[in-house]
């Protein structure tokens, strides 16, 4: 006998506070599209940039109540409301969206990065005299995908976030319609992205078969409750392996990196700031949440793989960069090497490691946005000048731009009192703390190799006179790009000198395994006649989706409209054969 | 977890099911090989139709009626037609020489990866056998006989998978916007650059860049 | 100009250093209100940084302001360092003027600074050499960047010498790379870019593993009662417990960084290039101060942190030091370029420093510290003179120079003085340090001392030979016009001349301050390494006493009597003799007994 | 799990591998897109099989999403191909040679 009728619909509990940052971003993007299509070119372009900036800021602001909900109001950044009690980490919409320190912080990071990216895009469009409101809209949708990825608590949601991000990124890469390299980059990105998505999906399929669900919480619980010995664990391992391959493609780890230099090269320069910051943040966040949180107990299986990928990426990225003569390709390889450093934190599979990843991603975002902003500016009109020759003598012709670029490059090399150094330091701490000091040693040595490539650029800018074919015109800094550059430089310096704040935040930014709130029964009547409260055992209860141990409060229900006969319920309760405790208060006791 | 086996719906496989499986599996494989072996892209697309259609039959065979319908409508009806359309539009239905390897050693590597993938899945089925599915049964919602397939999917789409559904909407919007953007024509094209030589200057001695140019000398 | 700077600096520092503790050896950071007073050590670090900031803010058109700001900053810092010297408590072996402020709280990284007798003179050396280098050399272009980087470099060097937190130390250690990189690369000569890159990559490569070692140390040995992480130097040195093998591994990580910086023999190849191509001020600071980062690191972060590992590695480093001395000497003798010759002589002299440290006894370490000071002064002065020479002749080629003594006798005289000091002629600064090192090494490993002594002879050989070729003879056409040194040029050298003579004649004040700290360091090593006693034997002290007072014969006979019994030697040379004072040609050498 | 389900699994593995090999060896951009579709179909087959074996509806719902993803990717991919081919009508994927690597 079932308590609820078979066609009762249980809708998941929705905590809007956790969704607002994403909703704002999505609405902002959609409205921008609407406005741009209605405006038919009469609206000046800066309006779109302003709109995108405001949306990003709005997204950031709406993340503050979420931060407060997770950490407490004392730490909320802008306003204080003592009325609201912090709940700690929680998950919502049936447990597919996690709201924990990790997701909140990275959501905020993406929102802040978006502001800088939008400014750079605006500076670029202004220079190229082009109108492209879609460029803003697509970056906003991609940022939405990124936000979903950092909070996804379910592999399918993670995948959809990833696809939203990727599909937008394919288009962004191909967006400079004047240059065929751009479309080729987009196509290459698309083919390898789709290829890796297929691997990713196949991995999810095997994990689904091995555990019975795609929710990270479910996977964690399943792995905690079941020991898959011998061959019965093979499918899980195969799934995990395919998943890692998928992630490795997305974040461009050696040997799955070959697309990355081409794509960076072909993509319009301002959009590379987006690809190397937001996309990397989201992909690493997803990777970390899946591996470190859901597959924590399988660490012995995946950690060696990640270690191997880290070594290959660190060394391969650094060595690959040395032979490049194109600055964008060079920085692409350097970002591969950075990815190896981030893997140190992932591989550590600990809270220290997670903090290191968060710190590294934050510092790295500031660094690459700054670097590629300079690249955008130096490329001049048409986005053409990217070879080392084009940077010769930049220190003399445009000392400000060259100085900032030098600062960002040296910071990437890990010079003290910059964010780059502190990020590397955190990664080394994570690795040593996890007992893989050898990996830290490899990382630091490869950082020396990588330093050579940054020095090459510095030498080119400061110590070499311009060649005959070098464009020696002064590189101006438009206001929008100037704000972005100043912000990035300030962030890099601030993190380098006073890392305390970031470290504090990062240490609390750990993903948490949280059971979802119970679903709501769709109420079909308006008159309540019973207050129903269940205490459900570990096996769940019939008629309810999934095993959800713990208490559930259904609140006041109109039993008759649900098709439950109060008398029958009464009889059931008295019979006591339900297999779970249920506490019902009838307003109008039957019988 | 052997319980999984017991809970897996009907336990017996009817002869019809086997026959359908064998036929559809064969055509799926033939179609798949056709996609990668056909020199003419149009033939490849037609093979793809065959393959996808067979998969739709396999879906039916497994009781996924809605998916089978969507498979036929969306894939064979829309996607492949779209591909063929672009093929004809651009006139790139030229045959390609499969013997000609663009990158040296690409073919063996590709085949190696393919063999590895196949081997892992086959090894999985052979080593583990019937216990291969170890997951907890009925985690999200049990497949029910008393409700149409499409109803069950619909209910899940708007309860457990509601976030995914919304996101899918956003993703489709992005795709449409992207396609529209790609269809634009720029004001002017930039010339296609000459391919650069692969040999970037590699020298650990940076003097070749700097020393001679440095005119100023301090002190 | 100095007024506002210092006022601003002290205001800033009052902010930064408001949680301070003064004490012998601070146990933990008290975050309560601390002792009031001027935060002298933070001022040493932040004054140059502030100067750099000012220079950066002054527009590029006001070139004269850049120079003025840089010089004032450096002089103010130098005055601070001299004031530090004046109020330094001679009897106190521990860290003085300790200031501690929390920095990165979650990792327990603190801004702790302090000086003891060893770092005191490094600080003073930095404080003296930088202003002098600024006075003595002027860049020919782009003043702003030049002065900016020089002041940053000064801050970095100060930071290394006063840091008592491993993280802070590493930051300062790495920070020195960037300014010097630009100084060499932008204002250097000839193959400057090559030299700059080589310098940067070598030193960064060396210290890459040090970061891992520091973190390893902080996580393993830094864990106190709370099981956390700590970068506190004193805490790790005293409470850190790590297994022997791990400690050795970590020591190797540190030693590599220092060995590159010193540089120790096989890792030295960056030095001649960097020295030769660097602008004058860069060479002066590189030779005078930056090389000391390595040797200072060996003492503070090698010996102090890893006593057991240091004892374990001592033979290797002693050998490398000895090879460096001989190799540096031989190669210097073959140089055709005068600046390169001095650079190679640095390799030899720094070999003495390394040998002194790893003799692991008080004579050796004291001598090593003294040698660091002396080498800084002497080589600094030589590079300044070479800078003047280059300004006149635009070459360092020995073959192109001749008879300069005839046309510029004062210049030649100054060169002679510093050259003799460099050779180690008694009565001048170079002698005392080398002598003490030789004594220390002799006590520990007699034959190495013999090898090292041969290095002294080599030094005389190559220096005098070069001198003869450059200064003697008749000046040819090109050298006839060699201008005599001007007063403006000579003035910056005056303090160095005074120091060279003073330290050569009366080094006691310096040794008095070094000695307690070295003694306490040796005690620390002895306490931490079971079974290790300072290798000071009757051979050594008696040799010293005998040599100086009664002649060598007695020394040898005492040697035979005492045999190799270190314990007995320690007792004999200890309290009974009560710090024998020996005098040789005006040199006052205070020798501690081994047992004290 | 029934015998026939193992058959489905092996079939999906084969189709997936075929698709992967196709992506790696073919050069016509449209054929690359088709090969990716093959891979996704193999995944779909696996999901349905597992969902059935565990008597779980989620498998089929996930397949629905995979179909949506495939559609979105094809739309964008074809858009990019069209834009690219407008410039270089004769090119195949390897003549994507302006970019090295």
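The values are calculated or read from the model by the stated rules, or taken from the named source; none is laboratory data. Since we're looking at a predicted model, the values are computed, not measured. For neighbour counting, all protein chains shown are included, and Cβ atoms are generated from backbone atoms with ideal geometry for every residue, glycine included.
Does the stretch A:532-549 contain any residue that is modelled with pLDDT of 60 or more and within 14 Å of chain B (Cβ to nearest Cβ)? Looking for residues that are modelled with pLDDT of 60 or more and within 14 Å of chain B (Cβ to nearest Cβ), one finds none in the stretch A:532-549, hence no.
Quick check on residue C:213: is it surrounded by 23 or more Cβ atoms within 10 Å (Cβ to Cβ), within 16 Å of residue A:433 (Cβ to Cβ) and in contact (Cβ under 8 Å) with a residue 12 or more places away in the chain? Answer is yes for this residue. Criterion applied to A:305, A:279, A:311 was being in a helix (DSSP H, G or I), under 25 Å from residue A:128 (Cβ atoms) and in contact with a helix residue (DSSP H, G or I) (Cβ under 7 Å, 6 or more places away or on another chain), and the one residue passing it is A:279. Among the residues making up the stretch B:126-154, a single one is crowded, with 20+ Cβ neighbours inside 10 Å, in a helix (DSSP H, G or I) and either more than 8 Å from chain D (Cβ to nearest Cβ) or modelled with pLDDT of 80 or more (or both): B:153. Residues that are over 29 Å from residue B:142 (Cα atoms) and either more than 7 Å from chain D (Cβ to nearest Cβ) or without any contact (Cβ under 8 Å) to a residue 12 or more places away in the chain (or both) within the stretch B:45-79 comprise B:46, B:47, B:49, B:50, B:76, B:77, B:78, B:79, listed in sequence order. Looking only at the stretch D:66-88, decide whether some residue is modelled with pLDDT under 90, surrounded by fewer than 24 Cβ atoms within 10 Å (Cβ to Cβ), over 30 Å from residue B:63 (Cα atoms) and more than 7 Å from every other protein chain (Cβ to nearest Cβ). Looking for residues that are modelled with pLDDT under 90, surrounded by fewer than 24 Cβ atoms within 10 Å (Cβ to Cβ), over 30 Å from residue B:63 (Cα atoms) and more than 7 Å from every other protein chain (Cβ to nearest Cβ), one finds at least one in the stretch D:66-88, hence yes. Got at least one residue in the stretch B:163-170 being touching a strand residue (DSSP E or B) at 6+ places or on another chain (Cβ under 9 Å), surrounded by fewer than 19 Cβ atoms within 10 Å (Cβ to Cβ), at negative phi and more than 7 Å from chain A (Cβ to nearest Cβ)? No - not one qualifying residue is present in the stretch B:163-170.
Of all the numbered requirements in (1) buried (at least 22 other Cβ atoms within 10 Å of the Cβ); (2) farther than 28 Å from residue C:280 by Cβ, residue C:220 misses one, and that requirement is (1). Checked against (1) more than 9 Å from chain D (Cβ to nearest Cβ); (2) more than 26 Å from residue A:220 (Cβ to Cβ); (3) in contact with a helix residue (DSSP H, G or I) (Cβ under 9 Å, 6 or more places away or on another chain), residue B:108 meets all criteria but (3).
Of the residues that make up the stretch A:386-408, is at least one in the same structural domain as residue A:311 (by TED's automatic domain parsing), in contact with a strand residue (DSSP E or B) (Cβ under 8 Å, 6 or more places away or on another chain), in contact (Cβ under 8 Å) with a residue 60 or more places away in the chain and assigned to a helix (DSSP H, G or I)? Before you say what the answer is, go through the steps one by one.
Looking only at the stretch A:386-408, we keep the residues that are in the same structural domain as residue A:311 (by TED's automatic domain parsing), and these are A:386-408.
From what is left, the residues that are in contact with a strand residue (DSSP E or B) (Cβ under 8 Å, 6 or more places away or on another chain) are A:386-388.
Still in the list and also in contact (Cβ under 8 Å) with a residue 60 or more places away in the chain: A:386-388.
Now restrict to residues that are assigned to a helix (DSSP H, G or I): A:388.
Yes, the stretch A:386-408 contains a residue that is in the same structural domain as residue A:311 (by TED's automatic domain parsing), in contact with a strand residue (DSSP E or B) (Cβ under 8 Å, 6 or more places away or on another chain), in contact (Cβ under 8 Å) with a residue 60 or more places away in the chain and assigned to a helix (DSSP H, G or I).
Does residue C:104 satisfy the condition of being more than 14 Å from chain B (Cβ to nearest Cβ), at pLDDT 90 or above and in contact with a helix residue (DSSP H, G or I) (Cβ under 8 Å, 6 or more places away or on another chain)? In short, no. Summed over the stretch C:83-111, residues that are farther than 30 Å from residue A:503 by Cα and in a strand (DSSP E or B) total 1. Only one entry of C:155, C:137, C:208 meets the criterion of being facing another protein chain (nearest Cβ under 8 Å), surrounded by 24 or more Cβ atoms within 10 Å (Cβ to Cβ) and within 22 Å of residue C:374 (Cα to Cα), and that entry is C:137. Exactly one residue out of C:413, C:473, C:483 is surrounded by fewer than 23 Cβ atoms within 10 Å (Cβ to Cβ) and free of Cβ contacts under 8 Å to residues at least 24 places away in the same chain, and it is C:413. Among helices (runs of 4 or more DSSP H) entirely within the stretch C:221-329, having at least 2 residues that are out of contact with any strand residue (DSSP E or B) (no Cβ under 7 Å at 6 or more places or on another chain) and at pLDDT below 85 singles out C:233-239. Search the stretch D:1-13 for residues being in contact (Cβ under 8 Å) with a residue 12 or more places away in the chain and in a helix (DSSP H, G or I), and hand back the single one that is nearest to the other protein chains (Cβ to nearest Cβ). The qualifying residue nearest to the other protein chains (Cβ to nearest Cβ) is D:13.
Residues are listed down the side, and each one gets a yes or a no for (1) crowded, with 24+ Cβ neighbours inside 10 Å; (2) under 26 Å from residue B:114 (Cα atoms); (3) out of contact with any strand residue (DSSP E or B) (no Cβ under 9 Å at 6 or more places or on another chain); (4) outside the structural domain of residue A:99 (by TED's automatic domain parsing):
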{"position": "A:171", "(1), (2), (3), (4)": "yes, no, yes, no"}
{"position": "A:187", "(1), (2), (3), (4)": "yes, yes, yes, no"}
{"position": "A:194", "(1), (2), (3), (4)": "yes, yes, yes, no"}
{"position": "A:216", "(1), (2), (3), (4)": "yes, no, no, no"}
{"position": "A:231", "(1), (2), (3), (4)": "no, yes, yes, no"}
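The residue of the stretch A:483-499 that is surrounded by the fewest Cβ atoms within 10 Å (Cβ to Cβ), among those that are free of Cβ contacts under 8 Å to residues at least 60 places away in the same chain and within 16 Å of residue A:374 (Cβ to Cβ), is A:490.
Within the stretch A:460-474, is there a residue that is under 16 Å from residue A:370 (Cβ atoms) and either surrounded by 24 or more Cβ atoms within 10 Å (Cβ to Cβ) or touching a residue at least 12 places away in the same chain (Cβ under 8 Å) (or both)?
Taking the stretch A:460-474 as the starting set, the residues that turn out to be under 16 Å from residue A:370 (Cβ atoms) are A:461.
Still in the list and also either surrounded by 24 or more Cβ atoms within 10 Å (Cβ to Cβ) or touching a residue at least 12 places away in the same chain (Cβ under 8 Å) (or both): A:461.
Yes, the stretch A:460-474 has at least one match.
Out of curiosity, is residue A:376 at pLDDT below 95, out of contact with any strand residue (DSSP E or B) (no Cβ under 8 Å at 6 or more places or on another chain), more than 26 Å from residue A:282 (Cβ to Cβ) and in a helix (DSSP H, G or I)? So residue A:376 fails the test. Restricting A:286, A:266, A:299, A:246 to those that are touching a strand residue (DSSP E or B) at 6+ places or on another chain (Cβ under 8 Å) and at pLDDT below 95 reduces the list to A:286.
Against the numbered list (1) in a helix (DSSP H, G or I); (2) under 25 Å from residue A:43 (Cα atoms), residue A:176 comes up short only at (1).
Given the criteria more than 7 Å from chain D (Cβ to nearest Cβ), at pLDDT 80 or above and farther than 29 Å from residue A:217 by Cα, does residue B:119 qualify?
In short, yes.
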